[in-house]
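J.: Take a look at the following structure, please.
All of the numbers you see were taken from the coordinates with simple rules; none came from a lab. The structure displayed is predicted, hence computed values, not measured ones. A quick note on method: Cβ atoms are made from the backbone with ideal geometry, for glycine too, and the neighbour counts reach across all protein chains shown.
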Amino acid sequence: MTLTLQEISDRIEITDTITRYSYGLDQRIWPEWDRTFTPDAVLDFSAVGMSEHSPAELRAIFTQGDATRIPVGQHLLHNTVIEVDGDRATARSEYTMTTHSRTETEGKARRVQGGGWYSDELVRTDAGWRITRRTANSKWIDVVEVDWAAPVSD
């Protein structure tokens, strides 16, 4: 199968959009995260027990008004399959995720590792490809308590 230059360009931009979503969440760069969505976007995490929310509602759940509540994490997307049909597209990715957050126990952290799949529905806008709906499912999740590594000082 030979792709046209436009098809290659679309796939690169779609990959960039879904990667920026994860990067914005991982690094708490909310303006970057928000720019990946259309104004009426829906995130459906009902498959992992969080139900359906707008991006702003989901961010409020994540942070509970405290930006430090979400630790720097890491989402790795792989095996992404993109299908483009005019100004609409679907991207399906497997993911692995790791985050750490402090616990009540001094010097300890909760490490959450998980994996599953995302399915993104996207639309082409004047500002580029934007996510209209994200659906997530988890295949596995592992929660353990680990030592909290103190940050290295200068």
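J.: Using every Cα-Cα pair within the stretch 5-147, state what percent have a distance larger than 19 Å. Show your work: numbers first, answer last.
T.: Working: 5409 of 10153 pairs.
Here the long-distance tail beyond 19 Å is 53 percent of all Cα pairs in the stretch 5-147.
J.: Looking at the chain, identify the longest residue range that excludes and avoids all GluC sites (Glu not before Pro) in DSSP loops having at most 13 other Cβ atoms within 10 Å. Don't skip to the answer; put the middle values down first.
T.: Values: sites that count: 104, 106.
For GluC sites (Glu not before Pro) (loop position, at most 13 other Cβ atoms within 10 Å), the longest site-free span of the chain is 1-103.
J.: Tally Lys/Arg at +1 and Asp/Glu at -1 over every other residue whose Cβ is under 14 Å from the Cβ of residue 42; what's the total? Please list the in-between numbers first.
T.: On the way: positive: 59, 130, 133, 134; negative: 40, 44, 52, 57, 120, 121.
Spelling it out: positives minus negatives among the neighbours equals -2.
J.: Right, another one. Using 0.36 nm per residue of separation minus the Cα-Cα distance, give me the extension gain between residue 138 and residue 12 in nm, one decimal.
T.: Numbers: separation 126, 0.36 × 126 = 45.36 nm, distance 2.55 nm.
Extra length available between residue 138 and residue 12 comes to 42.8 nm.
J.: Can you compute the modelled spin-label distance between residue 63 and residue 44, with each label point 7 Å from Cα toward Cβ, in nm?
T.: 2.7
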